[in-house]
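Asker: Sharing a structure here in structure tokens format.
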Amino acid sequence: MSLDTDPADQTISTGRERSYSWSDPTVTATAVATTSGLDILRGILDGRFPVPPILDTLQIRPVEVEDGRVVFELTPQEWHYNPIGSVHGGVLSTLVDSALGCAVHSQLPAGMGYTTLEIKVNFVRAVTLGTGTIRCEGTVLSLGRRAATAEAKITSADGKLLAHATTTCMLFALGE
């Protein structure tokens with residue numbers, strides 16, 4: 001609706017509806033104490049552990065996991081949109097944060113946790129329904145005793161760069 005138009009003349013489209021379910025996240029969180037990060041992530045990929053609820057919420061799919069590297073995919077939907085008709089930057093930020101953190105997690109032993117200290121995201125191109133399925137690859141750059149850094153890239157099916165990001169994660173023993 002534009003500011004120079006009478007609101008009474010505007011037709012508001014009918015709402016759409018979405019529902020979904022998710023699994024109990026404590027199942028995986030409990031396993032982290034006795035299972036390496038790589039085994040947790042492989043278990044999520046092969047169905048031994050439930051997908052984290054945020055991935056169900058945004059329909060982000062894990063597709064590849066290896067030591068120091070993970071890949072997620074997302075197919076843009078209307079409910080990912082911001083008011084100007086493209087995927088909201090927060091959705092893409094969640095996608096890169098997930099890939100960055102999981103890449104770090106893939107190199108952690110059982111009993112170790114991590115949290116994002118900072119994230120820097122650069123949006124290069126708009127993402128829309130027409131973009132199709134996008135891939136986000138996260139890779140560890142450095143893993144120390146107390147901190148890790150990683151980078152991620154979001155690309156389209158034809159290889160165009162859509163966004164890139166870096167992070168610093170704090171590492172800690174669970175229970176600290």
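Asker: Just to be sure I understand the filter: pairs with C-beta atoms under 9 Å, separated by 6 or more residues or on different chains, first member in region 140-163 and crowded, with 17+ Cβ neighbours inside 10 Å, second member part of a loop (DSSP other than H, G, I, E, B) and hydroxyl-bearing (S, T, Y). Which pairs pass?
Answerer: Taking only residues 6 or more apart or on different chains, the pairs are V140/S106; L162/S156.
Asker: Under 7 Å between Cβ atoms, at least 6 apart or on separate chains: pull out the pairs that start in region 53-73 with a residue that is crowded, with 18+ Cβ neighbours inside 10 Å and end on any residue that is among the acidic types (D, E).
Answerer: V70/E64; V71/E64; V71/E137
Asker: Any residue in region 111-124 that is of a type in the set (G, A, S), modelled with pLDDT of 95 or more, within 25 Å of W22 (Cα to Cα) and in contact with a Ser or Thr (Cβ under 9 Å, 6 or more places away or on another chain)? Even if it seems obvious, please write down each step before you answer.
Answerer: Pass one, region 111-124, residues of a type in the set (G, A, S): 111, 113.
From what's left, modelled with pLDDT of 95 or more: 111, 113.
Subset that is within 25 Å of W22 (Cα to Cα): 111, 113.
Adding the requirement that they be in contact with a Ser or Thr (Cβ under 9 Å, 6 or more places away or on another chain) leaves 111.
Within region 111-124, one or more residues are of a type in the set (G, A, S), modelled with pLDDT of 95 or more, within 25 Å of W22 (Cα to Cα) and in contact with a Ser or Thr (Cβ under 9 Å, 6 or more places away or on another chain).
Asker: In region 164-176, how many are surrounded by fewer than 17 Cβ atoms within 10 Å (Cβ to Cβ) and under 15 Å from the mean Cα position of the chain (by Cα)?
Answerer: We begin by selecting, within region 164-176, every residue surrounded by fewer than 17 Cβ atoms within 10 Å (Cβ to Cβ); these are 166, 170, 172-176.
Retained after the next criterion (residues that are under 15 Å from the mean Cα position of the chain (by Cα)): 166.
So the answer is 1.
Asker: Identify, from the list R146, R125, the residue that is out of contact with any Cys (no Cβ under 6 Å at 6 or more places or on another chain), basic (K, R) and closer than 19 Å to V32 by Cβ.
Answerer: Values: R125 fails: closer than 19 Å to V32 by Cβ.
That would be R146, the only listed residue that is out of contact with any Cys (no Cβ under 6 Å at 6 or more places or on another chain), basic (K, R) and closer than 19 Å to V32 by Cβ.
Asker: I would also like to ask the following. What tally of residues in region 30-51 results from selecting those that are of a type in the set (G, A, S), within 19 Å of the chain's Cα centre (by Cα) and surrounded by fewer than 14 Cβ atoms within 10 Å (Cβ to Cβ)?
Answerer: As a first pass, look at region 30-51 and keep what is of a type in the set (G, A, S): 31, 33, 36-37, 43, 47.
With the extra rule that they be within 19 Å of the chain's Cα centre (by Cα), the set shrinks to 37, 43, 47.
Then keep just the ones that are surrounded by fewer than 14 Cβ atoms within 10 Å (Cβ to Cβ); that gives 47.
Qualifying residue count for the region: 1.
Asker: Picking from G85, G111, which residue would you name as being more than 21 Å from T35 (Cβ to Cβ), loosely packed, with under 15 Cβ neighbours inside 10 Å and of a type in the set (G, A, S)?
Answerer: G85
Asker: Now a separate question. For residues in region 1-22 being touching a helix residue (DSSP H, G or I) at 6+ places or on another chain (Cβ under 9 Å) and either modelled with pLDDT of 95 or more or not polar (S, T, N, Q) (or both), which is surrounded by the most Cβ atoms within 10 Å (Cβ to Cβ)? Write out each step before concluding.
Answerer: Step one: filter region 1-22 for residues touching a helix residue (DSSP H, G or I) at 6+ places or on another chain (Cβ under 9 Å), giving 1, 16, 18, 20-22.
With either modelled with pLDDT of 95 or more or not polar (S, T, N, Q) (or both) added as a condition, the list becomes 1, 16, 18, 20, 22.
Details: M1: 10, R16: 8, R18: 8, Y20: 8, W22: 13.
The residue in question is W22.
Asker: Find all pairs meeting these conditions: Cβ atoms under 9 angstrom apart; at least six residues apart or on different chains; first residue within region 31-43 and over 7 Å from A110 (Cα atoms) and without any contact (Cβ under 8 Å) to a residue 40 or more places away in the chain; second residue part of a helix (DSSP H, G or I) and among the charged types (D, E, K, R).
Answerer: Filtered contacts from region 31-43: A31/D39.
Asker: Another one. Among residues belonging to region 91-114 that are over 14 Å from the mean Cα position of the chain (by Cα) and among the polar types (S, T, N, Q), point out the one that is farthest from S156 (Cα to Cα).
Answerer: Going residue by residue through region 91-114, those that are over 14 Å from the mean Cα position of the chain (by Cα) are 106-114.
Retained after the next criterion (residues that are among the polar types (S, T, N, Q)): 106-107.
Working: S106: 24, Q107: 27 Å.
Looking at the filtered set, the residue picked out is Q107.
The values are calculated or read from the model by the stated rules, or taken from the named source; none is laboratory data. All figures in this text were calculated on a predicted structure; none of them were measured in a lab. For neighbour counting, all protein chains shown are included, and Cβ atoms are generated from backbone atoms with ideal geometry for every residue, glycine included.
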